[in-house]
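Chemist: Below are the structure tokens for one structure; questions will follow.
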Amino acid sequence: MASPIPIHQPGWVREFKAFLLRGSVVDLAVGLVVGAAFTAIVGSMVEDLLNPLIGLAIGGVDFSNLFLVLSGERQATLEATRKGGATVIAYGQFINAIIKFLIISFAVFWVVKALSKLHLEKAGEAAALPPTPTETLLAEIRDELKTQRRP
């Protein structure tokens, strides 16, 4: 059912809709969602798999529980110390963030490298195709013009 009152839509609204529906914006949105899911997986891998193994290898150190109390009372865990109102520097959390960053950076590097290789292979396939009839005709015209210019 049509609206009885005509609603004027400003030009910027149409432009914004066109912008949102462009392929690159949709691709970006999909990339962000996949990236967020990937970040959650990497976070779990670092905190639940790698850190315990690294901690075991270097003597039972739990990175997520490494912190320095600036003021207040130190508790058994970082979470308990923060709940107690203490001011802390959680350098173990920072170490975890660095490990996550390195893993994500490494994964992105390999994805970009694989996509670049696929792109180069496609470019090679395009170069290997025979010339189209239009390209052939243009080459003939070019050659004819070259012969006409010579004295």
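Any read-out appearing in this document is the output of simple, stated calculations on the displayed coordinates, not a laboratory observation. These numbers were taken from a predicted model, which means no experiment stands behind them.
Chemist: Ignoring everything except DSSP H segments at least 4 long, calculate the 222 nm mean residue ellipticity for the chain; use -39,500 (n - 2.57) per segment, divide by total residues, nearest 500.
Modeler: -22500 deg cm²/dmol
Chemist: Kindly point out which whole DSSP H helices in the chain project their C-alpha atoms 18 angstrom or further along the helix axis while averaging a Kyte-Doolittle hydropathy of 0.0 or above.
Modeler: Flagged H segments are 23-44, 91-128.
Chemist: If amide hydrogens are placed 1.01 Å from N in the peptide plane, which non-local residues have theirs closer than 5 Å to the one on residue 66?
Modeler: So residue 66 has HN proximity to 92, 93.
Chemist: Take the alpha carbon gyration tensor of the chain, find the square roots of its eigenvalues, order them as a ≥ b ≥ c, and report rounded if a/c is under 1.5; if not, report prolate when a/b exceeds b/c, else oblate.
Modeler: Oblate.
Chemist: Let me ask something else about it. Let me see the pair-distance distribution of region 58-115: every alpha carbon pair, 5 Å bin width, integer percents in order.
Modeler: 4, 18, 19, 16, 12, 9, 8, 6, 4, 2, 0
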